[in-house]
1. Any idea what the relative contact order of chain A is, in percent, if you count C-alpha pairs under 8 Å spaced at least 6 apart?
2. List the trypsin sites (Lys or Arg not before Pro) in chain A that DSSP assigns to loop (not H, G, I, E or B) and whose Cβ has at most 15 other Cβ atoms within 10 Å. Which are they?
3. Give the calculated FRET efficiency between residue A:5 and residue A:35 to the nearest 0.05, with a Förster radius of 30 Å applied to their Cβ-Cβ distance.
4. Using a 1.4 Å probe on the protein heavy atoms, what percent of the accessible area of chain A belongs to carbon and sulfur?
5. Within chain A, what percent of beta bridges assigned by DSSP are antiparallel, to the nearest 5?
6. Looking at chain A from every direction and averaging, what is the projected area of its Cα convex hull in nm²?
7. How much accessible area per residue does chain A have, in Å², with a 1.4 Å probe?
Amino acid sequence: MSQKQLPPVKVRDPTTGKEVELTPIKVWKLSPRGRRGVKIGLFKSQETGKYFRAKVPDDYPETG
DNA sequence: TTAATTGT
DNA sequence: ACAATTAA
């Protein structure tokens with residue numbers, strides 16, 4: 001199986017306030033039943049080492 | 001156990 | 001309010 005690395009996402013790093021490109025550690029769908037919901041990624045700030053969550057594009061692949 | 005994430 | 005996820 002060719003393991004393609006996921007592309008970085010442009011997100012606002014809430015710990016620095018800067019917009020950065022980061023590859024999410026994990027991605028999942030967050031949606032109530034019967035509603036559309038959003039995809040969420042778990043990220044780790046390079047600047048501060050702090051974890052944060054942010055929306056990722058709807059077409060971004062989910063990770064296991 | 002809670003905070004925080006986004007859009008309906 | 002509600003969905004899943006996980007660091008703190």
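1. Worked out over chain A, it gives 28 percent.
2. Numbers: sites: A:4, A:10, A:12, A:18, A:26, A:29, A:33, A:35, A:36, A:39, A:44, A:50, A:53, A:55; in loops: A:4, A:18, A:33, A:35, A:36, A:50.
Counting only loop positions with at most 15 other Cβ atoms within 10 Å, the trypsin sites (Lys or Arg not before Pro) in chain A are A:4, A:18, A:33, A:35, A:36, A:50.
3. Calculated value: 0.45.
4. Numbers: 2490 of 5010 Å².
It is 50 percent, rounded to a whole number.
5. Details: 15 of 15 bridges.
The antiparallel proportion sits near 100 percent.
6. Values: hull surface 20.7 nm².
Seen from a random direction, the Cα hull of chain A projects 5.2 nm² on average.
7. Working: 5010 Å² over 64 residues.
Value for chain A: 78 Å² per residue.
The values are calculated or read from the model by the stated rules, or taken from the named source; none is laboratory data. As the structure is a prediction and not an experimental result, all values here were calculated from the model. Glycine gets a Cβ as well: all are built from the backbone with ideal geometry, and neighbour counts include every protein chain shown. Just so you know, the surface numbers come from the protein's heavy atoms only, side chains and all, with ligands and any DNA or RNA stripped out. Shrake-Rupley method; radii C 1.70, N 1.55, O 1.52, S 1.80 Å.
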